[in-house]
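Taking it in order: structure first as structure tokens, then the write-up.
Bear in mind these aren't lab numbers, they're just calculated from the coordinates by the rules spelled out. All of these numbers come straight from a predicted model, not from anything done at the bench. So basically every Cβ, Gly included, is an ideal-geometry build from the backbone, and we count neighbours across all protein chains shown.
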């Protein structure tokens, strides 16, 4: 097998994820020769811009995808929640690793979300997280923050905010589980589509790399994220409304929970679809139809035309 190049963002978390993936590949193929290529993305450069201003635009993946298409790298590893549902022609999402805890977590100086004093300042870079927290605690001061995990944690320890909401998987991969104040329940805080999983994107015609990454694909995670991404795509993957979904597999049954909220967070709709694991894409589309029937489309704002 040829020596391969694995593309990754250059952040501490992204590099840890890519190194972990490389370890898994070497466990499956001990003779594998590979190296990491760190690539700066638009999301890294515009670190102070609100995420929702770039909804659906793949600000953390476009440069990696260009490197793939230009054959500068052989595969790209993404936090799957950052990968748009529309993948460029010539590329494909080829595998997903076993998902870590998909939940959101609160890191706080003042207890869990129930114990926070009215007016407590809670930071998040996610509209989805903000509207769900506001639904439970409208008395909190929810503010937008950007930056890597280290930066956000310093805002808590330095007293700039009373707490932050981030992905559990990020802190787990960084070895910072002890910073977690509370794991937030998915029935109130539906995670982002793909949260907690790594996605491996490759060139569609690269049979050698397809075989390589298929050896580390986690089937149950693949089934869940296929359903989640089908749900998001059916409702409009590039919209600015908060849309979320989480799939779980048990006894060959896929249970998919979805959430759609109005842009102002005044309305939150939730629904569940259950099916066998053989048709995850169909399950995602069925859940989208169910959400449409209860009024989801009226809350979904499409991006403004450029």
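Normalising the Debye intensity of the chain to I(0), with uniform scatterers on Cα atoms only, and taking log10 at q = 0.08, 0.13, 0.15 Å⁻¹ returns -0.34, -0.94, -1.25. Taking each residue as 0.36 nm, the span from residue 289 to residue 89 lengthens on full extension beyond its C-alpha to C-alpha distance by 69.3 nm.
When 224, 143 are arranged by Cβ crowding within 10 Å, least crowded first, meaning fewest neighbours, the order is 143, 224. Expressed per residue, the C-alpha convex hull volume of the stretch 64-170 stands at 121 Å³. Would you mind ranking 291, 1 by Cβ crowding within 10 Å, fewest neighbours first? Ascending Cβ contact count within 10 Å gives the list 1, 291. Mean projected area of the Cα convex hull of the stretch 173-306, taken over all directions, amounts to 11.2 nm². For the stretch 115-187, averaging the sequence separation of C-alpha pairs within contact (under 8 Å, six or more residues apart) and dividing by the residue count gives a relative contact order of 31 percent.
Normalising by the residue count of the chain, find the relative contact order in percent from Cα pairs under 8 Å and 6+ residues apart. Reported as a whole number, the value is 20 percent. Residue order for 165, 294, 142, fewest other beta carbons within 10 angstrom first, comes to 294, 142, 165.
The angle between the Cα long axis of helix 127-136 and the main principal axis of the chain comes to about 30°, on a 0 to 90 degree scale. Cα centroids of the stretch 231-273 and the stretch 113-142: 20 Å apart. In degrees, nearest 10, range 0 to 90: what is the angle between the Cα axis of helix 219-235 and the longest Cα principal axis of the chain? Tilt of helix 219-235: around 60 degrees. Here the Gaussian network model covers the chain, with springs between Cα atoms less than 10 Å apart; of 155, 282, 211, 211 fluctuates the most. The angle between the Cα long axis of helix 12-28 and the longest principal axis of the Cα atoms of the chain comes to about 40 degrees, rounded to the nearest 10. Springs between Cα atoms under 10 Å define the GNM used for the chain, and in it the highest mean-square fluctuation of 90, 123, 196 occurs at 90.
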